[in-house]
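A.B. asks: To start, I am sharing the structure in question, which I have written as structure tokens.
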Amino acid sequence: MFRRAFWFGAGAATGVWATTKVNRKLRSLAPDSLAARAADQAVAAGHRLKDFALDVRAGMAQREIELNDALGLTAPADPGAAGQAEERRGIAGRAPHRPALGATHPYDRNEDH
């Protein structure tokens, strides 16, 4: 009697376990679940790509500094020196041309009639 009850309980437990396992697998293969998983993978790939790009940019900057040092092309220590060089060439003091306030363009069609 106990032997039959044991095997009945073991069979029922195995059936519940198998049903749960199959239902879980079916839910994971549903279209919405697959789409969510694909979106998560795409976001993770985007983060990895961004990290890679930042690493490449940092490496490029480091290598540029190394090359500039090797070639003796270092920037001047005084930031005013660069501004003075531009003034000597006549670049820095030049302002862009802007019409006076109230002046209209000859093709301005926004006229009061």
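Values quoted throughout were computed directly from the atomic coordinates according to the rules given, and no laboratory measurement underlies them. Since the model is a prediction, treat every value here as computed from it, not as a measurement. Ideal geometry is used to build each Cβ from the backbone, glycine not excepted, and the neighbour counts take in all protein chains shown.
A.B. asks: Tell me, what ³J(HN,Hα) does each residue in the stretch 35-41 have, in order and in whole Hz, if you take phi through Karplus 6.51 cos²θ - 1.76 cosθ + 1.60 with θ = phi - 60° and put x for Gly and Pro?
C.D. replies: 5, 5, 5, 5, 5, 4, 5
A.B. asks: Okay, next question. Once the piece of chain linking Val16 and Arg3 is laid out straight, how much longer is it, given 0.36 nm per residue of separation minus the C-alpha distance between them? Numbers along the way, then the final one.
C.D. replies: Values: separation 13, 0.36 × 13 = 4.68 nm, distance 2.00 nm.
That works out to 2.7 nm of additional length.
A.B. asks: Now for a separate question. Please give me the summed charge of the neighbours of Arg37: other residues whose Cβ is under 15 Å from its Cβ, Lys and Arg +1, Asp and Glu -1. Kindly include the intermediate steps, with their values, before the conclusion.
C.D. replies: Details: positive: Arg24, Lys25, Arg27; negative: Asp32, Asp40.
Taking every other residue near Arg37 into account, the sum is +1.
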